[in-house]
Amino acid sequence: MPEISIAKSLADMTSGGNGADSVAVDQTSPPPLRPGEEALWLHLDNLAAESDRVRREEGRFDDFDHYLDMFYGKHWPTTMPTFRPPIVANELRTLILSEASDLTEAQLRIYITKNPTVKSARDEDLERAFRAIWVREQVDLKLLYSCCWALICGTGFVSTSWNPDAHHGFGDVEIVDVDPRTVLPDVDCIDDRKWLYVIREQVLDIPELRRLFPNSGWRVRPEDRWSVKGQGRHSGPEGLSSSVYLGPLTPGGSTFGSAFGYKKARARVLDCLLHDDSVEESFEEIQGIDGRPVHDANGNALLHHTVTAKYPNGRRIVGANGVILYDGNNPNPGGDFGLLRVILEPALGRFWGSGFVHQTAELQLAADKGLSSNVENALRLNNGIVVATTNTGLDFETFAGIPAQVVQISPGSDFKIIYPPPMPPDMVNFPFMCLDLQRRLLGFPDPRIGVGGHGNVSPELTETEIAQAQSATRLRARMLYYTVQRLAEMIFA
């Protein structure tokens, strides 16, 4: 995550020494706290908990795993009866990919001018550099991923930041599509322009966390919710006998950033950017024209009282399991949070949007169940019902009943196979009716998929039908346009 790399660089600059994490720490004792650290962490943790509550209510994130299963075609339980075929006609996934492709296939052209008042004063060198970043960071692909998130769960995110560790340590712009499950926005905001704070949540290995934050990371203890307690035994450097987690990339025998008592040691990291109106007061002596202090009649120096913003670009707080890893200025230019919301339908009075899966998941499931029932019923009807008299001489315990099987019966006995009447057409067409209704609800009427209307089939009328059928897509394109515009401004900044 690019923000973590920035925090690492800032932490290195604000403290001396980086060897604390090479010492094995007793994981059972609470970490040593610094003044005000406990209150700041509680405030940060409460913000995250409240934002998570609103996200689950508005964005229906309790069903997030179900939404992903719908996209990946996991519509049936893992165990099914042998007579019921788990058929999946995942048209919902096809519609999501088709819409995301249509929204992001346009090749954008960014123009940069030296003087905004002069139209012809273009800066071609900066334009080439900007296009190089756009291509190198695969921004078109990151926008497509963000659109897929928005179409699946209603809301996607894309972030822009400066990663000082990129490009061989020279630093570079980094654009990332963000999993919505890692974003906890201001609970009172309805868009990403007026929010007062946003929290990025992620789970990191303890050795990795201590590598990124060498000055404070050694105080972070693993969280049992995200970790796995160890079962083996290992003799540690401090005489502790327990299992030890060295991290996935730690050389054997090293205790650099090790965590004793765990087979997998991890902790949740909260990275918060917020607008903080804290101020700093200062008193300075007033100097005259000659540069000397000015005094009053009693000979006391006159003082000038100044009040300045403590965090003019905003504040950034990074914490994990009760430990504040970084607390300082927001590193993003212009005071923005470096994060953009991607929604493709209007979200009236709320922050979290609505996606395709929200709207038509039940229609997709009904179509799959209908198709499965059709196949099951067809197999059952194809077998027919055997009607025979008791004197046929057949042993029905061993009678296979396979198609074209030859059977020999006693003279005068009766043996026949009766087939029930076929299922009505409405029953057979029911799944396709559900899929057709789903397409129409999501903005894919017949002309959109290449099916022309009856009557006049002139080219002019056909083009009109196609244009009218794309009204929902044009709305989503306008919603995406302003996000891309702000993204380009952030990349340039």
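The values are calculated or read from the model by the stated rules, or taken from the named source; none is laboratory data. Since this is a predicted model, take the numbers as computed values, not measurements. As a convention, Cβ positions derive from the backbone with ideal geometry for all residues, glycine included, and neighbour counts pool all protein chains shown. Accessible surface areas use protein heavy atoms only, side chains included; no ligands, DNA or RNA. Shrake-Rupley method; radii C 1.70, N 1.55, O 1.52, S 1.80 Å.
Note on LEU302 and GLU489: the model spin-label points, each 7 Å out from Cα along the C-beta direction, lie 4.3 nm apart. Applying the criteria of a DSSP loop state and at most 13 other Cβ atoms within 10 Å to the GluC sites (Glu not before Pro) of the range 69-163 yields GLU105. The stretch between GLU397 and LYS416, if pulled fully straight at 0.36 nm per residue, gains 5.1 nm over its current Cα-Cα span.
Using a Förster radius of 22 Å, what is the FRET efficiency between LEU42 and LEU196 based on their Cβ-Cβ separation? Nearest 0.05, please. It would help to have the intermediate numbers written out before the result.
Values: r = 18 Å, r/R0 = 0.83.
Step by step, r from the Cβ atoms, then E = 0.75.
Taken over the chain, the ratio of Cα radius of gyration to 2.2 N^0.38 Å equals 1.41. If the chain linking THR117 and ALA404 were pulled fully straight, counting 0.36 nm for each residue of separation and taking away their Cα-Cα distance, it would gain 94.7 nm. The aspartates and glutamates within cross-link reach of LYS310, meaning a Cα-to-Cα straight distance under 15 Å and a gap of 8 or more places when in the same chain, are ASP276, ASP277, GLU280, GLU281, ASP327. Can you give the FRET efficiency to the nearest 0.05 for LYS263 and GLN138, using r as the Cβ-Cβ distance and R₀ = 35 Å? It comes out at approximately 0.45.
Could you look at the chain and say what percent of its accessible area is carbon and sulfur, using a 1.4 Å probe and all protein chains?
Working: 14990 of 27480 Å².
Carbon with sulfur: 55 percent of the solvent-accessible area.
Taken over the C-alpha atoms, the range 325-410 has Rg and Dmax values of 32.0, 96 angstrom. The range 54-86 and the range 117-171 have Cα centres separated by 33 Å. Per-residue packing, averaged as other Cβ atoms within 10 Å, sorts the ranges 431-441, 295-305, 39-49 into the order 431-441, 39-49, 295-305, beginning with the highest.
Could you calculate the FRET efficiency of ARG56 with GLN468 from 1/(1 + (r/R0)^6), where r is the beta carbon distance between them and R0 is 56 Å, rounded to 0.05? That pair, ARG56 with GLN468, gives E of 0.90. Projected over every direction and averaged, the convex hull enclosing the alpha-carbon atoms of the range 62-173 yields 11.6 nm². Relative to the present Cα-Cα distance, how much length would full extension add between ARG131 and ALA166 at 0.36 nm per residue of separation? Separation in residues times 0.36 nm, less the Cα-Cα distance, equals 10.8 nm.
With the other protein chains left in place, how much accessible area per residue, in square angstrom, belongs to the range 322-404 at a 1.4 angstrom probe?
47 Å²
With unit charges on the beta carbons (Lys and Arg positive, Asp and Glu negative) and the dipole taken about the Cα centre of the chain, which residue among GLN138, PRO81, LEU348 sits farthest to the positive side? Comparing the listed Cα positions along the dipole, PRO81 ranks first. Remark: the Cα gyration tensor places the range 245-378 in the oblate category, a/c being 1.5 or greater and a/b not exceeding b/c.
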